[in-house]
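> Before we start, here is the structure in question, set down as structure tokens.
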Amino acid sequence: MTNVGSTQISWKKGKNIVTGATGVAVGTGATNTQAIVNAQGATGQYAALLCYKYKKGVYEDWYLPSKAELNLLYNQHATIGVFGQYWSSSEVSKGKAWDQEFGGGFTEKDSKGFTLQVRAVSSF
């Protein structure tokens, strides 16, 4: 797991669209990320693309975690020292996606236009 952006970034690129990234369970983040990139394109700046293009170490399969995957990270936040509000790859609707507040532990359905932090994860 790594923080790929020191700046805040929005979930969407441009206007609100439905991307089909509706998986919320553990194991759906990579599929969600691919769906988001397929729908929004491989240029510009938005949360899923930032993770998708990230290359570090021996892993090259970085992705934006799903709602449940992000919650697993929250459960370890004291150990890994992560705080803030982070996007998940789980889409709620045309205009909203799930995010996780690491300070309070709650999840929210927020506007895709909000700028939040991003954590990339990789399968191993």
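> So, in the stretch 81-90, how many residues would count as being over 24 Å from residue 19 (Cβ atoms) and either in contact with a His (Cβ under 7 Å, 6 or more places away or on another chain) or buried (at least 22 other Cβ atoms within 10 Å of the Cβ) (or both)? Even if it seems obvious, please write down each step before you answer.
Our first condition is that a residue be over 24 Å from residue 19 (Cβ atoms); within the stretch 81-90, this holds for 81-83.
Filter once more, keeping what is either in contact with a His (Cβ under 7 Å, 6 or more places away or on another chain) or buried (at least 22 other Cβ atoms within 10 Å of the Cβ) (or both): 83.
Of the residues in that region, 1 qualify.
> Being β-branched (Val, Ile, Thr) and closer than 21 Å to residue 122 by Cβ is the requirement here; does residue 9 meet it?
Yes.
> May I pose another question? Tell me, which residue of the stretch 96-122 that is of a type in the set (S, T, N, Q) and open to solvent by less than 60 Å² (accessible area, probe 1.4 Å) is modelled with the highest pLDDT?
In the first step, residues of the stretch 96-122 are kept if they are of a type in the set (S, T, N, Q); the result is 100, 107, 111, 115, 117, 122.
Remaining after also requiring open to solvent by less than 60 Å² (accessible area, probe 1.4 Å): 100, 107, 111, 117, 122.
Values: 100: 95, 107: 95, 111: 98, 117: 94, 122: 89.
Only one residue tops the list, namely 111.
> Can you pull out every residue in the stretch 2-17 that is assigned to a loop (DSSP other than H, G, I, E, B) and either open to solvent by less than 20 Å² (accessible area, probe 1.4 Å) or modelled with pLDDT of 95 or more (or both)?
5, 11, 12, 13, 16, 17
> Suppose the filter is among the small types (Gly, Ala, Ser), under 19 Å from residue 20 (Cα atoms) and open to solvent by less than 20 Å² (accessible area, probe 1.4 Å); does residue 93 pass it?
The answer is no for residue 93.
> Does residue 68 satisfy being in contact (Cβ under 8 Å) with a residue 12 or more places away in the chain and small (Gly, Ala, Ser)?
Numbers: in contact (Cβ under 8 Å) with a residue 12 or more places away in the chain: yes; small (Gly, Ala, Ser): yes.
Answer is yes for this residue.
> Continuing with this model, one more query. Within the bounds of the stretch 63-70, is there any residue that is at pLDDT below 95, basic (Lys, Arg) and either under 13 Å from the mean Cα position of the chain (by Cα) or open to solvent by 70 Å² or more (accessible area, probe 1.4 Å) (or both)?
no
> Restricted to the stretch 39-59, and to residues that are without any contact (Cβ under 8 Å) to a residue 24 or more places away in the chain and in contact with a Ser or Thr (Cβ under 8 Å, 6 or more places away or on another chain), which residue is surrounded by the most Cβ atoms within 10 Å (Cβ to Cβ)?
It comes out as 52.
The values are calculated or read from the model by the stated rules, or taken from the named source; none is laboratory data. Given the structure is predicted, the values throughout are model-derived calculations rather than measurements. Cβ: placed from backbone, ideal geometry, glycine included. Neighbour counts: every protein chain shown. Please note that ligands, DNA and RNA were not included when accessible areas were found on the heavy atoms of the full protein model with its side chains. Shrake-Rupley method; radii C 1.70, N 1.55, O 1.52, S 1.80 Å.
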